[in-house]
1. Could you check, for the stretch 535-553, whether at least one of its residues is outside any helix (DSSP H, G or I) and touching an Asp or Glu at 6+ places or on another chain (Cβ under 9 Å)?
2. Name the residues in the stretch 513-552 that are among the small types (Gly, Ala, Ser) and open to solvent by 50 Å² or more (accessible area, probe 1.4 Å), would you?
3. Please count how many residues of the stretch 410-427 are buried (at least 24 other Cβ atoms within 10 Å of the Cβ) and more than 19 Å from Val469 (Cβ to Cβ).
4. Filter the stretch 559-579 down to residues that are in a helix (DSSP H, G or I) and either open to solvent by 40 Å² or more (accessible area, probe 1.4 Å) or at pLDDT below 95 (or both), then give me how many there are.
5. Does Asn510 meet the test of being modelled with pLDDT under 95 and surrounded by fewer than 21 Cβ atoms within 10 Å (Cβ to Cβ)?
6. Between a residue in the stretch 28-50 that is free of Cβ contacts under 8 Å to residues at least 12 places away in the same chain and any residue that is open to solvent by 60 Å² or more (accessible area, probe 1.4 Å), which pairs come within a Cβ distance under 8 Å, given they are 6 or more apart or on different chains?
7. Does Ala13 meet the test of being in contact with a Lys or Arg (Cβ under 8 Å, 6 or more places away or on another chain), within 16 Å of Gly128 (Cβ to Cβ) and small (Gly, Ala, Ser)?
8. So in the stretch 123-136, with the set limited to residues that are open to solvent by less than 30 Å² (accessible area, probe 1.4 Å) and part of a helix (DSSP H, G or I), which one is modelled with the lowest pLDDT?
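The values are calculated or read from the model by the stated rules, or taken from the named source; none is laboratory data. Not measured: the values here are computed from a predicted model. No Cβ is skipped: glycine too gets one built from the backbone with ideal geometry, and neighbour counts run over all protein chains shown. Quick note on the areas: whole protein, heavy atoms, side chains included, nothing else; ligands and nucleic acids left out. Shrake-Rupley method; radii C 1.70, N 1.55, O 1.52, S 1.80 Å.
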Amino acid sequence: MERRLSTIFVADAVGYSRLMEADEQATLAALAACHATIESEIASHNGRVFGGAGDSVMAEFGSPVEAVRCAVKIQNALSQGDSGLPDDRQMRFRIGVNLGDVTANGGNLLGDGVNIAVRLEQIADPGGLCISGTVQDHLAGKVDLALEDTGEQELKNISRPVRVWRWSPRVIDVGNEVAHSPKPSITVLPSDNMSEDPEQTYFSDGLTEDIITALSKHRWMDVIARNTTFAYRGQSLDIRKLAGELGADYVLEGSVRRAGERIRVTAQLIDASSGSHVWAERYDRKLEDIFDLQDDITQTIVARIEPEIGTAIRQKVQRVPRRDLRAWDCYHLGIANFYKFTAEGNREAQTLLQRSRDLDPSFPEAHAWWAYSVILGMVYWDTDPDPVVLDEALAAARQAIALDNQNALLYMLMGRVQLARQEYRSALAENETAVRLNPTLAPAFCGLGDSLAYEGRYDEARIQFEKAVEMSPNHPQLWAFLSYGALASIFERAFERALDWAERARDLPNCQYWATAHAAVALAHLDRAEEAQLMVARLMSEQPAFTRAFAKRKLFYLKRPEQLALYLEGLEKAGVPSG
């Protein structure tokens, strides 16, 4: 056996089993055509196929540049071949490329160099490409490709983190036409160093790089790579023209100023289509540990702007005429209805998200959000708790993660399903994974808080709820962070805090009746009977069906009897009828 340094290319079809189940003969014919294209391009780029089974292809290249050129050409060619096919019949491939040490055993190749390429393929977007840092190091000046630096990633069964760069075909030339990815794209411009000391540029550059990396963890967005945006440093820019050149929907720009031991950072998010400001903020911090400061500001900015972009996208989709809706449109219209937090909105969300799932079964977010909307229908509105539906929700959440096992949002939503199933420790693990993958995902901290509170670990739970609220004070589910925190405080018998959090939740738009119920329970346990009765009157106006029996049925996700008993006792003391 011989050891050598090689570039390994791995391609694999997305949703192959589903396609085979739907139409075996047509799928085999499509696969053969795709393989012919892939193998032809590999040969023309001086590569050789050495392995693969069924729907996968493994190849070796002498040059990482040739391997990446080959991968992009393959994806463009396969995308053109898919034109005219319905979403659920298109055959898309993921591709991973790694440069590493391999062992040659006859014509076969083995070792970490191959294993890493396989794991890179698994985290690539459908129709896209993931490459290792060892490959990217060889591309500068040779391949003109907008690569997104996602930072170091933990890959399954790989002992050390791997620097990963991602490419998704946001713009693909098809004759004279241009097809755009539906994902919103954001570019982060280098922060201006406004300090008198030019050496402070290292901090502004580091902050920009960290924001790009953190934003890329929100996988429903395309984030334009650092090496593309840093080319515009120091130029007087027309934001709308720049966004057009980069294919960006949103631009984040800002500045850094240091004065003595204080740092001031400004940031503003701009809608490239109109040039209008979506969001802007200023942050003042003491200069202590520079890296802790950089992490703090990065997490704060990213946690603030991600929900702002989501809101802007949903508003745009809602203005589009509802003719010939595609999976992406149905998905965002579904989320828009979900965030209405009404029974009618929840039913419409479930319908639209199911439609998105039907149109594109390889769309992971559609599966996961459908599962969560079903769960909230049980907790808040007109769906009765049903073990069969809970199993369906779990299956949908698992399907989502199988499609994208590096997406923090999907693990958080899986955690929500598991909380409803009283699987608190599993929910805790899923939310911990979500936080590890994306430390700016505020709902994951709320999920951690719930998991800990339902297990009786109240001090730990409070810390997580406080993180969620502090991290994303403009999140559309902020009222829920506060409401769930109030419930946990009731279980802890911290009734004053429970009342405070419930009242803060009730001040927010779209807050649901449970926050009012929590306030009534807290007041009753504080022996403030008159105020509790007034709160019950408000509760009955918000949810006329609310009784103690109703509450017991809707609190199906609690498995500790003392928690349920304490809550029902508070409702009784407040004057809520038995039902």
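1. For the stretch 535-553, residues outside any helix (DSSP H, G or I) and touching an Asp or Glu at 6+ places or on another chain (Cβ under 9 Å): absent.
2. Correct list: Ala529, Ala537, Ser541, Ala545.
3. The qualifying residues number 7.
4. Residues meeting the conditions: 6.
5. Yes: the conditions hold for Asn510.
6. Short answer, once both residue conditions are applied: Val49/Glu39.
7. yes
8. Filtering the stretch 123-136 down to residues open to solvent by less than 30 Å² (accessible area, probe 1.4 Å) leaves 123-125, 127-133, 135.
Retained after the next criterion (residues that are part of a helix (DSSP H, G or I)): 123, 133, 135.
On the way: Ile123: 86, Gly133: 91, Val135: 93.
Filtering the stretch 123-136 for residues that are open to solvent by less than 30 Å² (accessible area, probe 1.4 Å) and part of a helix (DSSP H, G or I), the one modelled with the lowest pLDDT comes out as Ile123.
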